[in-house]
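I have placed the structure first, in the form of structure tokens, so that the comments after it can refer back to it.
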Amino acid sequence: MIVDDHPVVRAGLRATLSGDPSLEVVGVASSGAEAVAAAGNTCPDVVLMDLNLGRGIDGAEATRQLAALKHPPRVLVLTAYESEADILRAIEAGATGYLLKDAEPAELVAAIHTAATGETVLAPSVATRLVSRVRAPQRALTRRETQILQKVAEGAANSTIAKDLFITEATVKSHLVQVFAKLGVDSRTAAAAEGRRRGLIR
């Protein structure tokens with residue numbers, strides 16, 4: 001099943017996959033909620049999942065809900081986003097693989113077959129990011145630190161961040177101290193810039 005909010009992309013993927021007689025597109029969806037509902041009826045082996053699906057739940061949340069189905073499909077993320085935050089959310093949600101939309105058609109077809117067997121498929125750049133994180137876990141931001149850094153980059157004040165994340169301002173400040181130390185910066189502006197440079201946030 002193909003899940004993407006752009007009609008042209010859905011049509012292009014369907015055309016690409018039609019070249020392999022061993023693959024059958026059993027359904028398409030333009031939103032996360034539509035994908036979850038359709039999967040329950042069509043029972044696909046593999047779902048090609050975009051992450052940014054416009055309004056409603058995103059690809060990561062849709063992946064999480066698909067993984068909770070009685071007969072969960074393998075989810076192969078196919079997206080233009082390769083930030084560490086996006087990759088980790090998708091993998092934590094249960095994605096079997098993570099490819100970028102600049103992948104060659106043959107690479108995509110091979111990845112679908114591999115994902116169908118339950119094996120992990122990662123784009124080279126994605127694999128590099130994950131390996132770097134594992135090799136230097138003490139310098140990697142936690143999920144909460146990444147959430148706070150994203151909100152800082154969006155211009156939110158500590159009080160707003162605390163309210164949005166249901167934590168105290170003191171906790172926000174404590175996390176920011178850790179973020180500054182790990183990124184080697186001394187200001188909110190520098191932290192946001194460094195976070196974007198490293199692909200930790202959008």
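Things to note:
- Volume in Å³ per residue [convex hull over Cα atoms, computed for the stretch 12-82]: 91 Å³
- Magnitude of the charge dipole, the stretch 57-103, Cβ model with Lys/Arg +1 and Asp/Glu -1, debye to 20: 320 debye
- Set of lysines with alpha-carbon distance to K163 below 22 Å, sequence-local pairs under 8 removed: K151, K173
- Nearest-0.05 FRET efficiency for K101 and E24, computed from C-beta distance (R0 22 Å): 0.50
- Membrane-span-like helices in the chain, defined here as complete DSSP H runs extending at least 18 Å along the helix axis by their C-alpha atoms with mean Kyte-Doolittle hydropathy no lower than 0.0, are 169-183; this is a sequence and geometry rule, not a statement about a membrane.
- The share of alpha-carbon pairs in the stretch 134-188 lying farther apart than 17 Å comes to 31%.
- Each distinct pair of alpha carbons in the stretch 95-173 adds a 1/r term; the inverse of their mean, the Kirkwood radius, is 15.4 Å.
- Ligands, DNA and RNA left out, the accessible area of the chain computed with a 1.4 Å probe is 54% carbon and sulfur.
- Both radii are taken from the alpha-carbon atoms of the stretch 3-139; with Rh as the Kirkwood radius, Rg/Rh is 0.95.
- Calculated FRET value between V131 and E92, using beta carbons and R₀ = 22 Å, to 0.05: 0.85
- Accessible surface, per residue, of the stretch 65-202 when the full set of protein chains is kept, probe 1.4 Å, Å²: 53 Å²
The values are calculated or read from the model by the stated rules, or taken from the named source; none is laboratory data. Values in this document were obtained by computation on a predicted structure and should not be read as measured data. Counting neighbours? That spans all protein chains shown, and the Cβs are built from the backbone with ideal geometry, glycine included. For the accessible areas, the whole protein counts, side chains as well, though only heavy atoms, and no ligand, DNA or RNA atoms are used. Shrake-Rupley method; radii C 1.70, N 1.55, O 1.52, S 1.80 Å.
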